[in-house]
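One structure below.
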Amino acid sequence: MWPFDKKTETRASLENPSVPLSDVGAWRSMFETWNAASGVPVTVETALGVPAVWCAVNFLAGTLASLPLELFVKNEAGREAAEANPLYAILQDAPNPEWTSFAWRKYSMVNILTLGRAFTFIERNKAGRVTNLWPLNPLLVTVERRGGRKFYIYDEGARKIEYAASEIIDVPFMLEPDGLCHVAPIQRLAKAVGLAIALESYAEKLFLNGGVPPLALYGPVGSPAAASRAASDVTKAIRDANAERRNVLIMPAGHELKPVGIDPDKSQMIDARRYQIEEVARIFNLPPAFLQDLTHGTFSNVEQQDLNFTKHTLMQWLVAWEQELNLKLFTARNTKNFVSFNQDSLLRGDFVARMTGYATAVQNAILKPDEIRGLENWPAEGGEADKLYIQGATVPLGMQNMSATKPADAKPANDNNKTDEANAA
C-alpha cells in the first residue's frame, strides 16, 4: 500500500515518507545512484584501480610526454631549431628547477585524461621573457569571466591568487557550452567505469571465497540467532576447506547448500570484463591493442592500429598543446617563433625499412647524409656529407643524352672509312 499524506494530499516517497513523490530532485538523485553501476562509487582513485583505465591513462600520457618538444624559428631557408633561446631548454629539458619536461607533461596529461583539465602558470621576468613554467593543481583552480575577460583563480585556502588568461597554459579535455567549465571523462562516463569496477570487485570476492559463489543454507533453523551462527559456521568451513585445499565440505544432517544468483560462467563475466576493456578504449579513443587486448589482434592489423593511434588520437593532443603553447608563450605579434612536437620516433620503422627510406631520400635530394646520421644519433661527418645529392640519370622527357643510347662497340663513321681505305691499299 502506498504511503499517503492526508494533510497535503501528496503521496510520500517509499524511501523517505517526508519527501513527496513529486520531488524531481529526489528521484534524480536516486536514479543517479542506481545508474552508477549499482551504486559503485567512481572517483579518479577508484577508476585508476581498473587495469584498463590505468593502462590507457599511463600509455597516452607517457607517449606524449616522451616526444621531443622543440622550439623553432622561421628564416629564409624555412626553419631551424632555436637551441640558443633559453625557452628551448625550458620546454625540452626542465620547465622549472623542480620538474623535468617529461614529468610536467605527463602530470598535465594525467590530469586532462582523469580530471578533464590541466593548468600551468607562466612565470616571466621584468622584460617579459619566460623563466619558468609551474604546473597547478586543477582541483584548486576556478575559471571566471568578468568584463569579457577570462581569469583563473588559484585558491590554496591560505592564499588566493588571480591570473590573467595570458599567464596560464590551459589544455582541457572538452569544454562545456559556456567555454569556462570542462568535461571530466571519468565523471561523465562513470557508469561504464563503475561497471568495470563492479566486475573487478565481484571477481575479487569470488576468488577470496575459494571460487564459491554466494550460497543459501536450507535446513531446520530454531531461531534467527541460530541461523546467523549456522551461516557463520558454513562460511568458516568453506574458507578452512579452501585454505587446507580440501574439496569435501561436511554439512550437518538435514541441511543443504544451494548457489544463489547467477553462475559466473553463465553470466559471461569473462566476456563482460573483456568488453569493458573495449569500453575504456572508446573513452580514450585508443585501439584495444594498446590496452594489451590482443583478442582480435594480428601482426598486420596491430601495425594499422599503431598508425590509427598516431593520426587520429595522438595528433589532436599534439595540436592542442602546440597551439596553446604558441598562443601563451609568444605575443600576438610573433611570426617567427613556434613550438612543435617531433613525431619521428613514433613513425620509425625497422632497420631495413629506415635504411631503404634514407637511401631514397638521399638519392632524390630530400635529406643530406649528415641529416640522416643526426636522425640516428650518429656523429656528423661534414664536408661532402653535408650536401644534397641527386641521381644524374633522371632528366626531363626529351632531353635524354643521345650518346648514351649508342651501342658500346659502335665506331665513328670516319674510323670505318679509314679502315676500308687501308684494306683496299
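The values are calculated or read from the model by the stated rules, or taken from the named source; none is laboratory data. Just so it is clear, the structure is predicted and the values come from calculations on it, not from any experiment. Note: ideal-geometry Cβ built from the backbone for every residue, glycine included; neighbour counts use all protein chains shown.
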Checklist entry - Which residue pairs have Cβ atoms closer than 8 Å, lie 6 or more positions apart in sequence or on different chains, and pair a first residue in region 361-373 that is touching a residue at least 60 places away in the same chain (Cβ under 8 Å) and on the phi > 0 side of the Ramachandran plot with a second residue that is surrounded by fewer than 18 Cβ atoms within 10 Å (Cβ to Cβ) and in a helix (DSSP H, G or I)? => result none
Next on the checklist: Can you say whether V183 is within 20 Å of E322 (Cα to Cα), in the same structural domain as V319 (by TED's automatic domain parsing) and β-branched (V, I, T), as far as the supplied structure shows?
Outcome noted: no
Checklist entry - Is one or more of the residues making up region 141-157 in contact with an Asp or Glu (Cβ under 6 Å, 6 or more places away or on another chain) and under 21 Å from N334 (Cβ atoms)? => result no
Checklist entry - Hey, any hits in region 131-138 for a residue that's in contact (Cβ under 8 Å) with a residue 40 or more places away in the chain, farther than 30 Å from C55 by Cα and not β-branched (V, I, T)? => result yes
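Residue by residue, here is whether (1) in contact with a helix residue (DSSP H, G or I) (Cβ under 6 Å, 6 or more places away or on another chain); (2) surrounded by 13 or more Cβ atoms within 10 Å (Cβ to Cβ); (3) among the small types (G, A, S) holds:
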| site | (1), (2), (3) |
| --- | --- |
| K126 | no, no, no |
| W134 | no, yes, no |
| L140 | no, yes, no |
| R145 | no, no, no |
| R149 | no, no, no |
| A164 | no, no, yes |
| I168 | no, yes, no |
Checklist entry - What is the one condition in (1) more than 30 Å from V40 (Cα to Cα); (2) outside any strand (DSSP E or B); (3) of a type in the set (V, I, T) that V193 does not satisfy? => result (1)
Checklist entry - Looking only at region 356-378, which residues are of a type in the set (A, V, I, L, M, F, W, C), assigned to a helix (DSSP H, G or I) and surrounded by fewer than 13 Cβ atoms within 10 Å (Cβ to Cβ)? => result A359
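Here's the yes/no breakdown for (1) modelled with pLDDT of 75 or more; (2) in contact with a Phe, Trp or Tyr (Cβ under 6 Å, 6 or more places away or on another chain); (3) exposed (fewer than 13 other Cβ atoms within 10 Å of the Cβ); (4) of a type in the set (D, E, K, R):
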position	(1), (2), (3), (4)
A192	yes, no, no, no
A198	yes, no, no, no
S201	no, no, no, no
L208	no, no, yes, no
A216	no, no, yes, no
V234	no, no, no, no
Checklist entry - Looking at L87, is it out of contact with any strand residue (DSSP E or B) (no Cβ under 8 Å at 6 or more places or on another chain) and either under 30 Å from T131 (Cβ atoms) or outside any strand (DSSP E or B) (or both)? => result no
Checklist entry - Residue check: is K74 among the basic types (K, R) and touching a residue at least 40 places away in the same chain (Cβ under 8 Å)? => result yes
Checklist entry - Do we have A230 as out of contact with any Asp or Glu (no Cβ under 7 Å at 6 or more places or on another chain) and either modelled with pLDDT under 75 or outside any helix (DSSP H, G or I) (or both) here? => result yes
Item to check | Unmet criterion (only one of (1) touching a strand residue (DSSP E or B) at 6+ places or on another chain (Cβ under 9 Å); (2) more than 30 Å from E279 (Cα to Cα)) for R159 | outcome: (1)
Next on the checklist: Can you go through V57, V42 and tell me which one is crowded, with 16+ Cβ neighbours inside 10 Å, at pLDDT 50 or above and more than 23 Å from L325 (Cα to Cα)?
Outcome noted: V42
Item to check | Filter result for the condition that a residue is surrounded by 13 or more Cβ atoms within 10 Å (Cβ to Cβ), under 15 Å from F330 (Cα atoms), without any contact (Cβ under 8 Å) to a residue 60 or more places away in the chain and out of contact with any Gly (no Cβ under 7 Å at 6 or more places or on another chain), over F102, F121 | outcome: F121
